[in-house]
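The values are calculated or read from the model by the stated rules, or taken from the named source; none is laboratory data. As the structure is a prediction and not an experimental result, all values here were calculated from the model. Cβ sites come from the backbone with ideal geometry, for glycine too, and all protein chains shown count toward neighbours.
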Amino acid sequence: MSANPHMGIPPLCSGPAPVATGFVAVFIHGRTQSSSDMQVVANRLNIAGMPCIAIDAADNSWYPNQFMEPFAKNQPRLDFALQRLDQLLGELNERGIPNEHVAIVGFSQGACLACEYVFRKQQPFAALVAYTGGLIGPEETRWEPTGNLKGMPVFLSNGDEDPWVPLGRTRQTLEVFMAMGARVELKVYPERSHEVSDDEIRISRTLLQSAMQLATQPPGSGQSPERIPWP
């Protein structure tokens, strides 16, 4: 197997060190984008004290073809992209930050990769935010939701006629994650451009603030952070 081209590219980090808070948000960019684009999203979220790690794909693309092409057409780069996330999560785990304290945020191709990663891990993270994304695979793909996401908050968004990510696939993704026990909200935006809108930022800011508060409250404090009104 050839070397993984996504490995070894330094991530773009902002905010406190994850070990200082016990929580981190991992940002995954879209096709032709970079970690700098996701840093802009992190800045728009403007969540005080939230550590952010934005990772980069080699050649600014996680996999070569559209996400609903046959899996073979996106290999081995798709596996390489998933391995890059495994490497990062492994490093965080070694530093004492479990997956339950890691939120994953992606846009477009990065949102599809984020959804696919969470599904394949079959275990809960602190949160999943997928701006214009869905599970990866051709039209006939069927997903076996065998894991238990234990109420993990998930925010999915899309436009009603997005040119890159069919709304139907995002709705399928909603159904899969709900079957796995996640608390999922899907927001559909009529005639929205392929972008992250201010309303998506507003909703996901609330989700991530709640996830960080839940992850960082002292053990045995007896305090119950206010939960967002998630389905």
Assigned to a helix (DSSP H, G or I), more than 19 Å from residue 210 (Cα to Cα) and in contact (Cβ under 8 Å) with a residue 12 or more places away in the chain - does that describe any residue in the stretch 102-110?
yes
Tally, over the stretch 48-59, of residues that are more than 17 Å from the chain's Cα centre (by Cα) and of a type outside the set (D, E, K, R):
3
Matching residues, the stretch 23-58, being in contact with a His (Cβ under 9 Å, 6 or more places away or on another chain), within 18 Å of residue 87 (Cα to Cα) and either surrounded by fewer than 20 Cβ atoms within 10 Å (Cβ to Cβ) or not aromatic (Phe, Trp, Tyr) (or both):
24, 35, 54, 55, 56, 57, 58
Any chance the stretch 194-201 includes a residue that's under 16 Å from residue 24 (Cα atoms), part of a helix (DSSP H, G or I) and modelled with pLDDT of 75 or more?
no
Inspect the stretch 113-123 for any residue being part of a loop (DSSP other than H, G, I, E, B) and in contact (Cβ under 8 Å) with a residue 40 or more places away in the chain and give the result as yes or no.
yes
Candidates 174, 208 - the one that is buried (at least 16 other Cβ atoms within 10 Å of the Cβ) and either closer than 30 Å to residue 70 by Cα or at pLDDT below 95 (or both):
174
Of all residues in the stretch 138-159, how many are hydroxyl-bearing (Ser, Thr, Tyr) and either closer than 16 Å to residue 124 by Cβ or within 18 Å of the chain's Cα centre (by Cα) (or both)?
2
Among the residues of the stretch 15-46, what is the count of those that are closer than 24 Å to residue 202 by Cβ and under 17 Å from the mean Cα position of the chain (by Cα)?
20
Consider residue 138 carefully, then state whether it is surrounded by fewer than 21 Cβ atoms within 10 Å (Cβ to Cβ), in a loop (DSSP other than H, G, I, E, B) and touching an Asp or Glu at 6+ places or on another chain (Cβ under 9 Å).
yes
